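Trainee: Once you've had a glance at the structure underneath, I'll fire off some questions.
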Amino acid sequence: RKEVEQDPGPFNVPEGATVAFNCTYSNSASQSFFWYRQDCRKEPKLLMSVYSSGNEDGRFTAQLNRASQYISLLIRDSKLSDSATYLCVVNLQGGKLIFGQGTELSVKP
Amino acid sequence: DTGVSQDPRHKITKRGQNVTFRCDPISEHNRLYWYRQTLGQGPEFLTYFQNEAQLEKSRLLSDRFSAERPKGSFSTLEIQRTEQGDSAMYLCAGQVNTEAFFGQGTRLTVV
């Protein structure tokens with residue numbers, strides 16, 4: 001079993017749609033959680049950290065369920081510029097960062 | 001600007017040659033990571049440092065790969081006797097607190 005698993009997609013959605021990405025992790029001792037965004041042939045960039053109480057940044061909402069070892073990212077009112085690959089990242093106890101394989105999002109006009 | 005720079009940005013080498021990549025984080029990045037990424041996959045963990053100490057090296061790495069971070073500042077990743085399967089993007093990330101920031105990567109092509 002992979003340490004961090006994501007649905008690879010692709011997710012093809014129209015502009016304005018709401019889209020949700022899910023991620024599961026296997027190590028219950030994981031301490032910190034993040035979503036990164038990666039554009040084609042570019043480096044990953046930090047989108048947002050994920051807190052236990054859930055957190056929101058504009059159109060983006062992240063949720064964490066420690067009991068189920070599950071992380072989600074919700075994008076509301078999607079824009080063409082949201083098209084990218086979204087990477088779920090888990091910081092294992094001791095500090096190693098582990099990435100999921102990424103979920104590709106394509107927002108169409 | 002994440003403050004992490006990598007050099008070179010692109011490297012084409014013949015199979016069997018050795019290559020070395022460099023990563024320069026900012027001084028606040030006490031942790032430094034190396035990842036490898038191929039098309040359609042997420043970044044694959046290679047190794048990481050806490051200051052100058054190498055804390056872990058992936059079991060996926062063969063002995064042809066070695067990394068150093070002398071004095072806890074810049075880091076180098078060396079691949080000896082390159083193989084075509086080594087062709088990938090090699091990413092370096094610096095971490096301050098819990099958040100990690102990537103350099104633009106070095107794209108290696110082994111021909």
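Trainee: I'd like the full set of residues that are small (Gly, Ala, Ser), at pLDDT 95 or above and in contact with a Phe, Trp or Tyr (Cβ under 8 Å, 6 or more places away or on another chain), limited to region B:68-93.
Mentor: B:Ser75, B:Ala93 - these are the residues of region B:68-93 that are small (Gly, Ala, Ser), at pLDDT 95 or above and in contact with a Phe, Trp or Tyr (Cβ under 8 Å, 6 or more places away or on another chain).
Trainee: Tell me which of these B:Pro8 doesn't satisfy, since it passes every other one: (1) more than 10 Å from chain A (Cβ to nearest Cβ); (2) touching a residue at least 60 places away in the same chain (Cβ under 8 Å); (3) closer than 18 Å to A:Asp39 by Cα.
Mentor: Condition (3) is where B:Pro8 drops out.
Trainee: Which residues, counting only those in region A:82-96, are in contact (Cβ under 8 Å) with a residue 24 or more places away in the chain and either surrounded by 14 or more Cβ atoms within 10 Å (Cβ to Cβ) or in contact with a strand residue (DSSP E or B) (Cβ under 9 Å, 6 or more places away or on another chain) (or both)?
Mentor: Within region A:82-96, A:Asp82, A:Ser83, A:Ala84, A:Thr85, A:Tyr86, A:Leu87, A:Cys88, A:Val89, A:Val90, A:Asn91, A:Leu92 meet the criteria.
Trainee: Still on this structure, I have one more. Among the residues of region A:68-84, is any within 14 Å of another protein chain (Cβ to nearest Cβ), of a type outside the set (S, T, N, Q), in contact with a Lys or Arg (Cβ under 6 Å, 6 or more places away or on another chain) and closer than 23 Å to B:Phe49 by Cα?
Mentor: No: region A:68-84 contains no residue that is within 14 Å of another protein chain (Cβ to nearest Cβ), of a type outside the set (S, T, N, Q), in contact with a Lys or Arg (Cβ under 6 Å, 6 or more places away or on another chain) and closer than 23 Å to B:Phe49 by Cα.
Trainee: Another one. Out of B:Leu77, B:Leu32, B:Leu91, B:Leu55, which single residue is in contact with a strand residue (DSSP E or B) (Cβ under 9 Å, 6 or more places away or on another chain), of a type outside the set (S, T, N, Q) and surrounded by fewer than 18 Cβ atoms within 10 Å (Cβ to Cβ)?
Mentor: B:Leu55
Trainee: Tell me, yes or no, whether region B:22-43 has at least one residue that is away from chain A (no Cβ under 14 Å) and within 13 Å of the chain's Cα centre (by Cα).
Mentor: yes
Trainee: Suppose we filter B:Gly3, B:Gly94, B:Gly85, B:Gly16 for residues that are assigned to a helix (DSSP H, G or I) and away from every other protein chain (no Cβ under 11 Å); which single one remains?
Mentor: Step by step, each of B:Gly3, B:Gly94, B:Gly85, B:Gly16 is checked, and only B:Gly85 is assigned to a helix (DSSP H, G or I) and away from every other protein chain (no Cβ under 11 Å).
Trainee: For region A:1-79, which fully contained strands (runs of 3 or more DSSP E) count at least 1 residues that are loosely packed, with under 12 Cβ neighbours inside 10 Å and touching a Leu at 6+ places or on another chain (Cβ under 9 Å)?
Mentor: So the answer is A:55-57.
Trainee: Exactly one of these conditions fails for B:Leu60: (1) within 14 Å of another protein chain (Cβ to nearest Cβ); (2) surrounded by 13 or more Cβ atoms within 10 Å (Cβ to Cβ); (3) of a type in the set (A, V, I, L, M); (4) not in a strand (DSSP E or B). Give me its number.
Mentor: (2)
The values are calculated or read from the model by the stated rules, or taken from the named source; none is laboratory data. Quick caveat: nothing in here was measured; it's all calculated off a predicted structure. In this analysis, Cβ positions are derived from the backbone assuming ideal geometry, glycine residues included, and neighbour counts consider all displayed protein chains.
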